[in-house]
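Step one of this worksheet: look at the structure below.
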Amino acid sequence: MIIRTLALARHLILIFLTLEIFSHCAVAKYEPEQSIPNNHDRVALIIGNGDYKHIGKLKNSQNDAEKIKNALVLLGFNDVSFHKDLATKNDMSAAISDFFRKNAAKSWIRLIYYSGHGLEKNHNNYLIPTNAKLGNSREIHNNSYDLSELINELDSSGTGVNIIILDTCRVAYCDGNCRNVLDSGINIEKELIPKGTLIAYSTKSGQPASDNGLFTDILVKHLINPQGKSLSQVFQEVKNEFNHGKDSDEQKAVTEDDLENGDNLCLTNSSGICGMTSSEVKAAATQAKRPHSKEKIISKPTHQRRISKKATSTPKHRVL
């Protein structure tokens with residue numbers, strides 16, 4: 001009789017513990033460290049610079065930018081700002097600042113795509129407007145868009161996810177002193193990448209980028225794939241396909257990020273979150289803001305309390 005009572009007690013305790021565990025577990029597909037957004041708008045800024053006046057023209061930059069724009073429209077992005085052949089530093093600065101001022105604070109996913117010339121000089125990274133003259137370091141600084149401005153915009157854009165795609169050369173500018181430049185190039189240092197940001201380069205540091213549209217074609221194919229793969233999976237597969245079979249000295253795509261939940265983010269989903277609709281995200285955000293209710297104390301039947309009391313007087317056993 002005692003053995004049967006003890007067995008029943010262990011069974012009841014196991015059931016009680018199981019119910020306690022499930023009572024504290026929310027069934028959710030997305031559990032980010034950062035809060036679930038109230039606003040899940042997806043917005044994008046696309047820039048294609050190709051008609052350069054003082055340096056080599058790029059025949060595919062505008063076409064590549066158009067392809068990205070069309071892909072994001074097809075994905076249902078709420079706002080896609082498109083610019084081509086921004087002529088001056090002020091033009092580029094205004095386009096980027098306006099984008100963040102109008103969209104950044106009220107959006108969840110922000111994508112910026114740039115196709116055009118880029119370079120590094122004196123450890124500063126620049127995107128080149130189409131009318132820029134690059135005779136010396138001062139002209140480069142005065143006439144080109146400094147990527148540190150973009151980092152500042154990202155830092156002040158609030159919560160959400162930033163996707164920066166740079167389809168540009170990553171080489172240092174050589175104005176007569178051309179030694180030891182191959183290890184240089186556009187490179188946003190890891191520690192400077194704002195939280196929640198992914199940066200995708202069409203080539204590795206120290207390498208030029210081919211003006212053949214291949215990187216963008218592969219990127220578009222994976223962006224609009226019907227499987228709804230996560231952000232991390234998309235860019236991993238872009239790299240795998242683009243870099244396949246290439247030697248170490250050839251153009252290879254690279255990504256850097258400080259994402260917490262890249263595996264849960266989906267550009268193909270209107271909410272931006274894999275497996276959740278916009279209404280489900282909104283409901284989850286509302287639920288997350290509610291204060292946690294105090295645990296309910298449920299009285300056990302008298303006979304269960306007696307059994308539990310007897311059980312506590314026995315040696316502890318591991319429940320298998």
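Among the residues of segment 125-175, those that are polar (S, T, N, Q) and closer than 23 Å to Val43 by Cα comprise Ser148, Asn152, Ser156, Ser157, Thr159, Asn162, Thr168.
Total residues in segment 214-239 satisfying the condition of being farther than 14 Å from Leu75 by Cα, out of contact with any strand residue (DSSP E or B) (no Cβ under 9 Å at 6 or more places or on another chain) and of a type outside the set (A, V, I, L, M, F, W, C): the figure is 3. Looking only at segment 126-148, which residues are crowded, with 24+ Cβ neighbours inside 10 Å and in a strand (DSSP E or B)? Matches in segment 126-148: Tyr126, Leu127, Tyr145.
When the residues of segment 168-177 are filtered to those that are at pLDDT below 80 and in contact with a strand residue (DSSP E or B) (Cβ under 9 Å, 6 or more places away or on another chain), the one that is farthest from Ser205 (Cα to Cα) is Asp175.
Would you mind stating whether Thr216 is closer than 19 Å to Asp85 by Cα, at pLDDT 85 or above and under 18 Å from the mean Cα position of the chain (by Cα)? When the stated conditions are applied, Thr216 passes them. The sole residue among Ile199, Ile112, Ile165, Ile151 that is among the hydrophobic types (A, V, I, L, M, F, W, C), modelled with pLDDT of 85 or more, part of a helix (DSSP H, G or I) and buried (at least 16 other Cβ atoms within 10 Å of the Cβ) is Ile151. Selection over segment 207-226 of residues that are surrounded by fewer than 18 Cβ atoms within 10 Å (Cβ to Cβ) and over 20 Å from Lys67 (Cα atoms) gives a count of 1.
The values are calculated or read from the model by the stated rules, or taken from the named source; none is laboratory data. The model shown is predicted, which means the values in this text are computed figures rather than measured ones. Virtual Cβ from ideal backbone geometry, glycine too; neighbours counted across all protein chains shown.
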